[in-house]
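S.K.: Here it is: the structure, laid out below.
Quick note: the coordinates plus some simple rules give every number you see, no bench work behind them. The structure presented is a predicted model; accordingly, all values stated were derived computationally and were not measured. Don't worry about glycine lacking a Cβ; one is built from the backbone with ideal geometry, like all the others, and counts go over all protein chains shown.
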Amino acid sequence: MSNINVRFRLNAREVEAQTDPRMHVIDFLRKNFELSSPRVGCEHGVCGACTLRVDGDIVRGCLMLAVQLEGTSVETMEGLNVSGEISDLQQAFHERNATQCGFCTVGMLMASQDWLSKAKTCSRSAIREHLSGNYCRCTGYEAIVDAVYKVAIARGISSVKEEV
Amino acid sequence: MKSSSFAYERPADIQEALASKARWGLSAKYLAGGQSLIPAMNMRFNSSTCLIDLNGIKSMRGIREDGGELVIGALTRHEEVASSDLVQKKLPILVQASRYLAHIAIRNRGTFGGSVALAHPDAEWPAACLLLNARMRIAGPNGAREVPAADFFQGLYATALQEDDLLESIAIPVQSPSERSCVLELARRHGDFATAAVMARAQVENGALKNFAIVFFAVGDLPLCDKELDNSIQHIIAGGDLSRIPDIVKTSLMNQNIRADLYSDQKTKLHLSGVLARRAVEKLIEI
């Protein structure tokens, strides 16, 4: 099929590239812009490793077509690294050893920051619920929840009693 | 795990979308949120000569109040429904249901109409549409028409939508302030499709529950309701012995085509449906 031109904002920079309609966002970002943070995981929306931000909302990169990026603003971990938006969260992941093999980490950080930026109160169960769409096959969930919880408290999100 | 090739069109309005579909014919598909279609295409369960991307059609997105109804544009994202103040006020059961609906990254992208048109047997919105007597507003080559939810869902992934039809919006009568509702699901992981699930509603009159209605989903080929069962449960509520509910639920559902899944056989699904129905009634009484 003939390629389609796509113009969008990628990590605060205006960019443009050609894509085959069938290509999803993750392959597109990896192949055309040499970004390695968006992971190619299950490619059917189950694992969450491809989570990135489009127009401020987290989405599954594998379930969105590259042509649909036209006119959007995309943020990947490379962009967040530069802006420093989640340096406290990254530090907490490091300290708590919440990164094991590292494959899920980018998606976990994206989903965690999404929760941290919206949460009004903080509980471990709320964190788990929000991260339920992200698999860690090292099964290091406990450490990940620890890290996110610590950052939530440090950012002033008030802790509430766990719902059983 | 990559989709086969397809052409891509992005119509600006409904007429353009219908024209596009007429031009490409049978093997072209409408693309709404893509949270079911794209995985199916990536896994090559599904293929298409052309995807007609509806996301540029602004008139198909948003929620408005019209008389005693909320009209939800087919392209309204799950999360827009879940976080809408209007929905919280007029159709709180949709907000209750959205707690079970997939994961946040999926909810940000998936659409209300996409879920209804796909008619996945385990999905929340088709069940809600059936329970709430929604009407589907459909655009087609021969003009617009409306189909009530009870006639719309016809079988496993089968709906009243014809080949060239486009689901434009869903009109749902609002819940009255004296209505109570409840959604319960059992799933192995939060946000996954359920093993068994129910949605129930009832009016409160002088402290008593009236007009009880319940829909079972994630157990059959489509969301299931049964007026006679509703009446029987209503009768039990009046009598007060709720322990009878699971048995009459099982008896009623046994007449339906209950579908086993990878983890649970028909017996388990019947049992869990009965348990959930009783819990739903208890919850409606307690609230």
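S.K.: Whole angstrom only: what separates the Cα centroid of segment A:1-52 from the Cα centroid of segment B:101-174?
M.R.: 30 Å
S.K.: Shielding by partners for B:3-12, please: the mean number of other protein chain Cβ atoms within 10 Å of each residue's Cβ.
M.R.: Going residue by residue through B:3-12 and averaging, the value is 4.
S.K.: Size of the dipole of chain A about the Cα centre, Lys and Arg at +1 and Asp and Glu at -1 on the beta carbon, nothing else charged, in debye to 20?
M.R.: Taking the Cα centre of chain A as origin, the dipole is about 220 debye.
S.K.: For peptide A:22-33, compute the average count of partner chain beta-carbon atoms within 10 Å of each residue's beta-carbon.
M.R.: The mean count of partner-chain Cβ atoms within 10 Å per residue comes to 2.
S.K.: In nm, what is the difference between 0.36 nm times the number of residues separating B:Gln162 and B:Arg244 and their Cα-Cα distance?
M.R.: Net length gain for the segment: 25.3 nm.
S.K.: Pick out which of B:Pro11, B:Pro148, B:Pro177 has the largest mean-square fluctuation in a Gaussian network model of chain B, springs linking Cα atoms closer than 10 Å.
M.R.: Most flexible of the set in this elastic network: B:Pro177.
S.K.: Let me ask another. Once fully extended, how much extra length lies between B:Arg189 and B:Ala144, figured as 0.36 nm per residue of separation less the alpha-carbon to alpha-carbon distance?
M.R.: 12.2 nm
S.K.: Across peptide B:30-40, how many C-beta atoms of other chains are within 10 Å of each residue C-beta, on average?
M.R.: Mean shielding count: 4.
S.K.: Most exposed first by the Cβ proxy, i.e. fewest other Cβ within 10 Å, how do A:Tyr149, B:Tyr263 rank?
M.R.: The order, fewest Cβ neighbours first, is B:Tyr263, A:Tyr149.
S.K.: Next question, about the same structure. Work out the FRET efficiency for B:Asp85 and A:Ser87 from their Cβ-Cβ distance, taking R0 = 22 Å, and round it to the nearest 0.05.
M.R.: The calculated FRET efficiency here is 0.05.
S.K.: Next question, about the same structure. Just how far, in whole angstrom, is segment B:26-44 from segment A:95-164 if you go by their alpha carbon centroids?
M.R.: The distance from the Cα centre of segment A:95-164 to that of segment B:26-44 comes to 31 Å.
S.K.: Continuing with the same structure: Between rounded, prolate and oblate, where does the protein assembly as shown land on the alpha carbon gyration tensor, with a ≥ b ≥ c its root eigenvalues, rounded for a/c under 1.5, else prolate if a/b exceeds b/c?
M.R.: Taking the square roots of the gyration eigenvalues as a ≥ b ≥ c, the protein assembly as shown is oblate.
S.K.: Taking the mean number of other Cβ atoms within 10 Å as a proxy for protection, how do you rank B:178-187, B:157-166 from highest to lowest?
M.R.: B:178-187, B:157-166
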